[in-house]
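Peer 1: Mind having a look at this structure? Questions to follow.
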Amino acid sequence: MLPSLWEAVSGRLEVEWALRRDDGSYLSFTPEMDKVWRWKDELPTQGLACVGKHLGRWSTLVAPRLLAPLYSLTGRTGAADDFRSSELEALDLELAEAVLAAGPATGPELRALVGTEKRPAEAAILRLQRRLVLTSSGLVEQRQGWGAIAYELVARRWSAHLRDLPPPDDARRTLGMTVLASAGDLSAADLGGALGWRLKASRELLDELAERGQAERTEAPGIALWRSTSRREG
């Protein structure tokens with residue numbers, strides 16, 4: 001339900017990522033995929049988007065203006081070391097402490113700092129991204145092979161945008177309205193899937209937005225749908 005960088009660049013939903021030779025073998029990225037592949041690393045480097053697996057197992061690009069509402073829902077303060085107040089698993093805490101002390105670090109560097117294997121480290125880094133503790137700070141070139149993403153603390157990387165966190169209720173409304181404005185007709189399950197919320201909480205928020213006149217509820221066969229009233233008026 002969220003807009004994608006691919007769709008914004010290419011103007012279509014269908015992904016065509018490769019140009020191929022006559023025998024079907026890979027030749028290169030398509031021009032659109034080449035741009036998307038570079039931008040996912042360049043946008044956080046330039047401070048234009050917060051990029052990481054923050055809403056699921058896929059990479060999400062979060063506009064700086066939406067970071068405060070999203071971060072508010074973590075219950076933390078926005079201080080660089082506020083992850084210490086969370087109930088993190090032991091390895092997750094070690095990795096966060098390592099980044100706090102050493103600065104942005106790639107996966108291999110983090111494994112060396114805390115002395116762990118690749119698989120548990122990758123799982124921990126994913127959990128830390130989902131909890132908005134770690135995020136991408138850009139790509140670091142390696143001596144061999146592909147570049148590696150460097151991870152930084154969200155609260156330190158984006159500190160200028162986290163100085164004034166809204167109350168959680170306001171944050172939920174802002175995020176819900178943002179998804180509504182881009183999605184057209186939306187179910188509670190759609191909203192929950194997009195933002196990682198429970199179905200009941202998503203439905204309650206959508207009903208609240210409808211009561212406020214910010215959303216319009218309709219009934220489709222077997223399902224309730226909501227649409228932004230501002231989208232309708234536009």
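The values are calculated or read from the model by the stated rules, or taken from the named source; none is laboratory data. Given the structure is predicted, the values throughout are model-derived calculations rather than measurements. With ideal geometry, Cβ positions are generated from the backbone for all residues, glycine too; neighbour counts draw on all protein chains shown. Keep in mind that these areas ignore ligands, DNA and RNA; they rest on the heavy atoms of the full protein, side chains included. Shrake-Rupley method; radii C 1.70, N 1.55, O 1.52, S 1.80 Å.
Peer 1: If you roll a 1.4 Å probe over the heavy atoms of the protein chains, what accessible area per residue do you get for the chain, in Å²?
Peer 2: Details: 13170 Å² over 234 residues.
With the other protein chains kept in place, the chain gives 56 Å² per residue.
Peer 1: Sort out the exposed loop GluC sites (Glu not before Pro) in the chain (DSSP loop, at most 16 other Cβ within 10 Å) and tell me the longest stretch that has none. Don't skip to the end; give the middle numbers.
Peer 2: Values: sites that count: E14, E16, E87, E89, E117, E141.
Longest site-free region, per DSSP loop and neighbour criteria: 142-234.
Peer 1: In region 1-109, carbon and sulfur make up what percent of the accessible area (probe 1.4 Å)?
Peer 2: Working: 3360 of 6120 Å².
Looking at region 1-109 in its full context, I get 55 percent from C and S.
Peer 1: To the nearest 20 Debye, how big is the dipole of the chain about its Cα centre, given +1 on the beta carbon of each Lys and Arg and -1 on that of each Asp and Glu?
Peer 2: On the way: 31 positive and 33 negative charges, 18 e Å.
That gives a dipole near 80 debye.
Peer 1: I would also like to ask the following. Quantify, in whole percent, the carbon and sulfur part of the accessible surface of region 156-234 (1.4 Å probe; protein heavy atoms only). Walk me through the numbers on the way to the answer.
Peer 2: Working: 2070 of 4470 Å².
The nonpolar share, carbon plus sulfur, comes to 46 percent.
Peer 1: Could you pull out every residue, at least 5 positions away or on a different chain, whose amide H is within less than 5 Å of the one on L19? Hs are placed 1.01 Å off N in the peptide plane, and Pro or chain starts have none.
Peer 2: Excluding prolines and chain starts, which carry no amide H, the hits are L27, S28, F29, T30.
Peer 1: How big, in percent, is the set of alpha carbon pairs in region 1-98 lying more than 24 Å apart?
Peer 2: Working: 1920 of 4753 pairs.
Across region 1-98, Cα pairs with separations above 24 Å total 40 percent.
Peer 1: Quick one: if you take sqrt(5λ) for each eigenvalue of the C-alpha gyration tensor of the chain, what semi-axes come out, biggest first, whole angstrom?
Peer 2: Numbers: eigenvalues 206, 137, 45 Å².
Output for the chain: semi-axes of 32, 26, 15 Å.
Peer 1: Given the options W158, W146, W37, state which has the largest fluctuation in a GNM of the chain using a 10 Å cut-off (strictly under) for Cα springs.
Peer 2: W146
Peer 1: Using the Cα centre of region 39-144 as origin and beta-carbon charges of +1 (Lys, Arg) and -1 (Asp, Glu), tell me which of S137, L67, L110 is placed farthest towards the positive end of the dipole.
Peer 2: L67
Peer 1: Please state, rounded to one decimal and in Å, the Kirkwood hydrodynamic radius that region 147-234 gives when every pair of distinct Cα atoms enters the mean of 1/r. Don't skip to the answer; put the middle values down first.
Peer 2: Details: mean 1/r = 0.0691 Å⁻¹.
When all Cα pairs of region 147-234 are included, the Kirkwood radius is 14.5 Å.
Peer 1: Based solely on its DSSP helices, what 222 nm [θ] is calculated for the chain when runs of n ≥ 4 H residues each add -39,500 (n - 2.57) and the sum is averaged over all residues, nearest 500 deg cm²/dmol?
Peer 2: Values: 11 runs with 107 residues, N = 234.
Theoretical 222 nm ellipticity from helices: -13500 deg cm²/dmol.
Peer 1: Separation of region 18-91 and region 161-192 by C-alpha centroid, Å?
Peer 2: The two parts, judged by their Cα centres, are 18 Å apart.
Peer 1: List the lysines whose alpha-carbon lies under 21 Å from that of K40, not counting same-chain residues fewer than 8 positions away?
Peer 2: K53
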